[in-house]
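Working notes, beginning with the structure itself.
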Amino acid sequence: MSEQIILVDEENNFLGEMEKMEVHEKGLLHRAFSVMIFNDKREVLIHKRASDKYHCGGLWTNACCSHPRKDETIVEAGKRRLQEEMGFSLPELKEHHSFIYKAPFANGLTEHELDFLLTGRYNAAPLPNPEEVEDWKYINVQDLRKDIALHPDDYTPWFRIIMDEHLEKIMAGL
C-alpha cells in the first residue's frame, strides 16, 4: 500500500492527502516532523541516511524525520518513526515549534514541508534499521556546526536549517 501524505496550507490546515512520491514530484506543502535527540552531555544524535533513499541518500541528518499519518499526532508519529528508523522508543518526546522550507533535489523531487520539531533524551546506542540508516553518532553541537560550515553538502537541507535557525530555541527548552 502506498503511503499517504497530509497536505496542508501555511497555517497547518488540512487540505487532503496524496501519495508520497506524487507530493514530492509536485513539491506540494505537506506536514512533516524532525526528531532531535540529545544525550546527557547535550550531544546530538545524528545519522547518515541509507544511500538508496529516494532523496538525500548518504547525507547526515537528525535522529529521524518523516511524515505523520492522518490518524496520529505529531508526537505519536515521532515515536513511531524513532522506533522504525533508529530502533528505540522513548516514553516522552517534546513538541517545539514548526517551520516551513522548500528544497528541490537533482532527481526532480522537492521537499516542501511544514516541519514540526520534536526533542527527546536518550543515552544508549541506537539499533538502527539498515534500510534507513548507514551510520550514526552522538556529536558535540559546536563540532557539528563547524563540520556543517566546512561540508554543508554532507547534510540534509532541513537539518542545516534546524542547526542554523532553530537549534538555540530547541536547546533552551532542554
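When the test is whether a residue is in contact with a Ser or Thr (Cβ under 9 Å, 6 or more places away or on another chain) and among the hydrophobic types (A, V, I, L, M, F, W, C), Leu118 passes it.
Residues are listed down the side, and each one gets a yes or a no for (1) in contact with a His (Cβ under 9 Å, 6 or more places away or on another chain); (2) surrounded by 13 or more Cβ atoms within 10 Å (Cβ to Cβ); (3) modelled with pLDDT under 95; (4) part of a strand (DSSP E or B):
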{"site": "Thr119", "(1), (2), (3), (4)": "yes, yes, no, yes"}
{"site": "Ala124", "(1), (2), (3), (4)": "no, no, no, no"}
{"site": "Asp143", "(1), (2), (3), (4)": "no, no, no, no"}
{"site": "Ile148", "(1), (2), (3), (4)": "no, yes, no, no"}
{"site": "Phe159", "(1), (2), (3), (4)": "no, yes, no, no"}
{"site": "Ile162", "(1), (2), (3), (4)": "no, yes, no, no"}
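Scanning region 80-98 for residues that are assigned to a loop (DSSP other than H, G, I, E, B) and in contact with a strand residue (DSSP E or B) (Cβ under 8 Å, 6 or more places away or on another chain) yields a count of 3. Every listed requirement among (1) modelled with pLDDT under 95; (2) open to solvent by 40 Å² or more (accessible area, probe 1.4 Å); (3) over 20 Å from Ile5 (Cβ atoms); (4) not basic (Lys, Arg) is met by Gly108 save one, (3). Scanning region 10-69 for residues being surrounded by fewer than 15 Cβ atoms within 10 Å (Cβ to Cβ) and of a type in the set (A, V, I, L, M) gives a total of 2.
Taking the conditions (1) touching a residue at least 40 places away in the same chain (Cβ under 8 Å); (2) among the hydroxyl-bearing types (Ser, Thr, Tyr); (3) in contact with a Phe, Trp or Tyr (Cβ under 7 Å, 6 or more places away or on another chain) in turn, Ser66 satisfies each one other than (1).
The residues of region 88-104 that are in contact (Cβ under 8 Å) with a residue 12 or more places away in the chain, open to solvent by 40 Å² or more (accessible area, probe 1.4 Å) and hydroxyl-bearing (Ser, Thr, Tyr) amount to a single one, Ser98. Filter region 1-28 down to the residues that are touching a helix residue (DSSP H, G or I) at 6+ places or on another chain (Cβ under 9 Å) and assigned to a loop (DSSP other than H, G, I, E, B), then identify the one that is modelled with the highest pLDDT. Applying the filter and picking the extreme gives Leu28.
Evaluated against (1) surrounded by 20 or more Cβ atoms within 10 Å (Cβ to Cβ); (2) touching a Lys or Arg at 6+ places or on another chain (Cβ under 8 Å); (3) acidic (Asp, Glu), Asp115 falls short on exactly one condition, (2).
Condition check ((1) under 13 Å from Ile37 (Cα atoms); (2) within 13 Å of the chain's Cα centre (by Cα); (3) of a type in the set (S, T, N, Q)) across all residues:
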| site | (1), (2), (3) |
| --- | --- |
| Glu113 | no, yes, no |
| Thr119 | yes, yes, yes |
| Pro128 | no, no, no |
| Leu150 | no, no, no |
| Trp158 | no, yes, no |
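Taking Ala77 as the residue in question, decide whether it is of a type in the set (A, V, I, L, M, F, W, C), outside any strand (DSSP E or B) and closer than 18 Å to Tyr155 by Cα. Spelling it out, it is not the case that Ala77 is of a type in the set (A, V, I, L, M, F, W, C), outside any strand (DSSP E or B) and closer than 18 Å to Tyr155 by Cα.
Annotation note: of Ser34, Ser2, the sole residue that is closer than 18 Å to Cys64 by Cβ and among the hydroxyl-bearing types (Ser, Thr, Tyr) is Ser34.
The values are calculated or read from the model by the stated rules, or taken from the named source; none is laboratory data. Only a predicted model underlies this, so the values are computations on that prediction, with no experimental measurement involved. In this analysis, Cβ positions are derived from the backbone assuming ideal geometry, glycine residues included, and neighbour counts consider all displayed protein chains. Keep in mind that these areas ignore ligands, DNA and RNA; they rest on the heavy atoms of the full protein, side chains included. Shrake-Rupley method; radii C 1.70, N 1.55, O 1.52, S 1.80 Å.
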